[in-house]
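Structure first, commentary second.
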Amino acid sequence: MDMDNLRQRKPRVGDADAQFPLNADDELKDAVPRIVYRPAKPADGTNIYIAVLLTILALVVRLYKITNPAEVVFDEVHFGGFASKYINGKFFMDVHPPLGKLLIAASGVFAGFDGSFDFKGIGSDYLGPKVPYVAMRFFPGLFGVLLVPIAFLTMKNLGYSKPSAILAALLVTFENGLVTQSRLILLDSFLVFFTGLTAMMWSEFLTYQDDPFSLGWFNSLALTGVALGLTLSVKWVGLFLVALIGLSTIQNLWKLLGDTRNSLTTIARHFIVRAICLIVIPMAVYMAMFQVHFWALPNSGSGSSFMSPEFQATLKGNEIAATIKQVGYGSKVYFRHEATNGGYLHSHKSTYPGGSKQQQMTCYPFRGFIDEFLADENSGFTLLPPLEVINGTIIETNVTEFKRIKHGDIIRLEHAVTNKRLHSHDIRAPVTDNENHYEASGYGAAGFTGDTNDHWRIEQLEFDYKNPWIDAIHTPIRLVHVNLGCKLFSHSVKLPEWGFGQQEVTCAKNGKKRLTTWRIEYNENPWLDAKAEKVNYQRPSFLKKFIEIHQTMWRINAGLTSSHPFDSRPDSWPTLKRGISFWTSKKGGGQIYLIGNPVIWYSATLSLLVYVAFEAVSAALVKRGIKVTTTGYIAQASQGGWFLFLGWFLHYIPFFLMARQLFLHHYFPALYFSILLFCAIFDTATRRLGTATQSLAALFVAAAAVWMFYEFSPLTYGTVMTKEHCKRLKWRSRWDFDCNRIGRKVKSSVSQVVSGVTGGAHGGGASPVAEAVPAGGAVAPVENPDET
């Protein structure tokens with residue numbers, strides 16, 4: 001029989017073998033599976049009906065008793081508070097990009113919230129101040145609802161059967177952790193939704209591989225880029241998704257490059273379109289969110305002090321008046337510390353309790369003036385010429401005319417209030433007590449000339465021999481002690497109570513450049529009149545503000561290294577070793593404890609091991625020259641599973657490299673991919689059994705998940721349960737929700753937190769009542785106290 005003349009049978013629609021054909025060229029020749037290629041197909045109306053029904057079910061599950069509790073829960077302290085700041089237009093700093101917080105603020109505005117409630121304390125009542133908390137919880141809840149049909153459609157796009165796709169949606173619906181996190185005023189619901197949306201649009205794009213440059217091909221690729229930008233705009237975890245889509249794109253392009261039917265021009269077109277859709281569009285979306293962020297926060301607020309003077313000058317209420325440019329002897333000035341934004345060189349009559357016991361020299365953040373100099377004179381200093389020694393006698397030089405100061409000149413700094421001079425000597429600093437730091441103090445008095453330990457050499461940070469002059473605002477400077485060679489230094493270390501918590505100032509031998517950099521922010525000189533040339537900070541462009549806020553976000557994020565009673569490390573997440581206690585009723589009844597559905601969680605974790613084993617065995621067989629299979633099912637599991645496994649891997653492994661505080665909810669994007677991977681493996685294992693048997697198997701798994709969800713639902717919804725029921729849920733000793741408090745009234749959940757945590761909210765030691773300590777949203781920067 002002439003095999004070449006036989007006509008190939010047309011495949012059935014929906015047949016996995018046909019959708020993922022394997023021929024001699026499709027054998028697994030290496031350990032990395034190839035990307036899924038399927039022709040575009042018309043929309044299946046049945047899928048739409050199923051997605052709608054799943055959405056209705058998710059609405060019921062996600063939004064049930066969303067009014068409970070009518071109190072501030074966990075990190076609603078932070079993200080509700082940020083919504084208030086948006087509504088009031090007061091600038092704040094947070095470690096996350098703005099989109100999620102903007103969405104929460106928008107929900108509050110639409111619900112009539114006026115921003116007067118500050119969300120300060122966990123357990124604070126919503127009903128009295130009439131906070132529209134239900135609407136503000138409903139919005140992230142709605143995003144949690146929409147994740148369910150997205151899971152279904154993603155599985156269908158990847159070529160899996162309806163029973164398996166429905167199972168994936170049901171497991172996402174009844175995952176207790178995802179439900180808990182999506183029904184509160186938190187960011188993770190937005191993050192997981194946009195992550196799922198990106199994966200769905202990319203999987204949709206892959207269905208158009210045989211129809212390139214069609215409308216559907218363009219739309220799905222462009223929407224992938226939009227969704228990618230939105231994910232990144234909620235949390236930087238979106239960078240892991242960028243890596244996933246990037247690797248998948250590289251594999252996709254490599255496949256095209258290997259197809260000799262594609263000309264280099266065609267490949268170039270593919271590359272350019274992907275670059276625009278997957279690089280330019282996400283960046284444009286991401287940057288646009290920050291532009292909206294800047295527009296929404298025009299006023300000075302709690303976050304202003306984190307930013308540079310140039311940035312602060314753009315905020316209403318924080319305007320800095322223009323000041324005289326030329327600095328000379330006799331000038332009265334304010335010195336601003338550059339690196340920490342901790343404030344201005346400052347002194348007061350209080351003395352150090354040890355060391356020289358001379359007057360304290362500190363940094364203090366209050367500028368104290370707008371148009372008038374020295375409204376707060378304790379931050380004012382007068383620039384005096386150096387002392388002269390004539391015939392062994394120290395003589396103080398009088399200033400009788402304007403003499404401009406340049407790089408390398410010697411000066412003395414006299415405090416405007418106490419007449420003490422900035423001084424240093426061979427005595428260790430009061431707090432940073434090591435050989436690299438000398439005490440900086442105020443020494444002398446009116447009529448007392450002092451000594452050469454008052455001498456400081458003023459230098460441009462980067463010497464400009466063409467323009468050596470020291471100018472106000474525009475010239476960053478350092479002050480070098482003439483006798484010791486150390487530089488005037490400050491960092492974020494605070495003085496104890498005797499120093500009023502102000503920032504330590506020392507004279508450091510080897511201080512980092514940025515911590516020894518100062519700037520004269522205000523300058524007036526009696527020898528110059530009001531017509532003298534004045535200068536001010538230049539208003540930064542959007543791009544400069546964009547870069548600066550990211551530098552600040554990164555610094556703050558890196559500083560979140562203190563412990564928390566409910567933090568955890570990534571190695572504990574796949575096995576669900578511990579949850580997070582969010583809230584406990586003051587009446588001793590309900591409590592909200594973030595914990596996953598064990599059936600779903602452990603099944604998803606098991607699927608990861610199964611997939612790795614499957615790939616390892618396949619690679620070993622190929623290495624031995626053994627043909628694995630000619631059926632499409634194993635190929636499908638490998639191809640679709642590769643994308644889902646890589647999604648889990650890239651959203652999980654990077655957390656091991658992070659030293660900052662981490663919590664169970666950081667695992668949720670990875671969990672989503674692992675749930676879909678479980679259903680992909682389920683589909684591969686049961687597809688040959690037939691639709692009816694596969695559906696029964698899916699029903700059995702779903703029923704087990706629903707039953708377990710119901711068992712743990714009191715911890716999800718914060719409803720009352722019996723003590724026996726509570727104890728029945730304690731599968732592991734570290735699942736530390738408190739069953740003994742059930743039925744017992746407590747005085748205040750907030751006060752118990754304070755008493756239950758050793759060393760405060762971030763002290764690390766916790767009793768079982770420490771559940772109300774907020775996590776992950778703190779914005780206070782933590783700098784290394786030994787930073788020198």
inquiry  = I'd like the antiparallel share, as a percent to the nearest 5, of DSSP beta bridges with both residues in the chain.
reply    = 95
remark   = In the chain, taking the dipole from +1 charges on Lys and Arg beta carbons and -1 charges on Asp and Glu beta carbons about the Cα centre, the listed residue (N525, A313, G641) farthest towards the positive end is G641
ask   = Once Lys and Arg get +1 and Asp and Glu get -1 on their Cβ, which of L278, P598, T516 lies farthest toward the positive end of the dipole of the chain?
value = P598
task = Would you please give the residues with an amide H less than 5 Å from that of V493, counting only those at least 5 places away or on a separate chain, with H modeled from the backbone geometry?
result = E504
remark   = The ³J(HN,Hα) series, computed from each phi in the stretch 485-495 with the Karplus coefficients 6.51, -1.76 and 1.60 at θ = phi - 60°, rounded to the nearest Hz and given as x for glycine or proline, is x, 7, 10, 4, 9, 8, 8, 7, 5, 9, 6
key: CD proxy at 222 nm, helix term only [per DSSP H run n ≥ 4: -39500 (n - 2.57); per residue of the chain; nearest 500]   = -13000 deg cm²/dmol
task = First select every other residue whose beta carbon is under 14 angstrom from the beta carbon of L59; then total the charges, Lys and Arg +1, Asp and Glu -1.
result = +4
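What net charge is computed for the residues neighbouring I394, neighbours being all others with C-beta under 9 Å from the C-beta of I394, Lys and Arg scored +1, Asp and Glu -1?
It works out to a net charge of -3.
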request  = Pairs of Cα atoms under 8 Å, at least six residues apart: use those to get the relative contact order of the chain, whole percent.
outcome  = 17
ask   = Counting other Cβ atoms within 10 Å of each Cβ, which trypsin sites (Lys or Arg not before Pro) in the stretch 230-289 have at most 11 and sit in a DSSP loop?
value = R261
The stretch 174-241 versus the stretch 533-588: alpha-carbon centroid distance in Å = 23
ask   = From the Cα gyration tensor of the stretch 546-610, with a ≥ b ≥ c the square roots of its eigenvalues, which class applies: rounded if a/c is under 1.5, or else prolate if a/b is larger than b/c, or else oblate?
value = oblate
query = Once label points are set 7 Å from the Cα along Cα→Cβ at both Q551 and R734, what is their separation, rounded to one decimal in nm?
reply = 3.9
query = By how many nm would the segment from L696 to V280 lengthen if fully extended, with 0.36 nm per residue of separation less the alpha-carbon distance?
reply = 145.2 nm
ask   = Which ³J(HN,Hα) values, rounded to whole Hz and listed in residue order, are derived for the stretch 690-705 from phi using the Karplus coefficients 6.51, -1.76 and 1.60 in 6.51 cos²θ - 1.76 cosθ + 1.60 with θ = phi - 60°, glycine and proline given as x?
value = x, 4, 5, 5, 4, 5, 5, 5, 5, 4, 5, 5, 5, 4, 4, 5
query = Once the Cβ-Cβ distance between T393 and N419 is put in as r, and R0 is 25 Å, what FRET efficiency do you end up with, to the nearest 0.05?
reply = 0.75
ask   = Cysteines of the chain lacking any other cysteine beta carbon under 4.7 Å?
value = C277, C363, C679
ask   = Separation between the A135 and V431 pseudo-spin-labels, each 7 Å from Cα along Cα→Cβ, expressed in nm?
value = 4.5
note = About its Cα centre, the chain carries a charge dipole, from +1 on Lys and Arg Cβ atoms and -1 on Asp and Glu Cβ atoms, whose size in debye to the nearest 20 is 1900
inquiry  = If you average the C-alpha positions of the stretch 433-470 and of the stretch 644-679 separately, how far apart do those two centres end up, in angstrom?
reply    = 52
request  = Could you compute the FRET efficiency for K316 and A613, with r as their C-beta to C-beta distance and R0 at 60 Å, rounded to 0.05?
outcome  = 0.50
task = Mind jotting down the distance between the C-alpha centroids of the stretch 699-746 and the stretch 381-395, whole Å?
result = 78
remark   = Quick note, the stretch 298-434: a/c under 1.5 would make it rounded; otherwise a/b > b/c is prolate and the rest oblate (a ≥ b ≥ c, C-alpha gyration tensor); here it is oblate
inquiry  = Given an 8 Å cut-off on Cα distances and at least 6 residues of separation, report the relative contact order of the stretch 321-536 as a percent.
reply    = 29
query = Tell me which lysines have Cα within less than 23 Å of K156's Cα, excluding those fewer than 8 residues away on the same chain?
reply = K10, K41, K255
request  = Can you tell me the 0 to 90 degree angle between the C-alpha axis of helix 99-110 and the longest principal axis of the chain, rounded to 10?
outcome  = 90
query = Whats the longest run of the chain with zero GluC sites (Glu not before Pro) that are DSSP loop and have at most 12 other Cβ atoms within 10 Å?
reply = 1-371
ask   = Quick one: what do you get for the chain if you divide its Cα Rg by 2.2 N^0.38 Å?
value = 1.17
Eligible lysines near K586 by straight Cα distance, threshold 21 Å, same-chain separation 8 or greater = K65, K120, K130, K723, K727, K745, K747
request  = Read phi for every residue in the stretch 213-223 and hand back ³J(HN,Hα) as whole Hz from Karplus 6.51 cos²θ - 1.76 cosθ + 1.60, θ = phi - 60°, with x for Gly and Pro.
outcome  = 6, 7, 4, x, 4, 5, 4, 5, 5, 5, 5
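Kirkwood hydrodynamic radius for the stretch 321-536: how many Å is it when counted over pairs of different Cα atoms?
On the way: mean 1/r = 0.0581 Å⁻¹.
About 17.2 Å for the stretch 321-536.
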key: Check: the stretch 98-190 dipole with +1 on Lys, Arg Cβ and -1 on Asp, Glu Cβ, in debye   = 220
inquiry  = If a paramagnetic tag sat 7 Å from the Cα of K406 along the Cα-Cβ line, which residues of the stretch 301-342 would have the backbone N under 17 Å from that point?
reply    = 326-329
note = Contour minus Cα-Cα span, L247 to L57, at 0.36 nm per residue, comes to 64.9 nm
key: Furthest towards positive pole of dipole, F174, L239, L228, structure part the chain, Cβ charges   = F174
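Only the coordinates and a few stated rules stand behind these numbers; no lab work does. Just so we're clear, the structure is a prediction, and the values are computed from it rather than from any experiment. Using ideal geometry, Cβ is built from the backbone for each residue, glycine included, and neighbour counts are taken over all protein chains shown.
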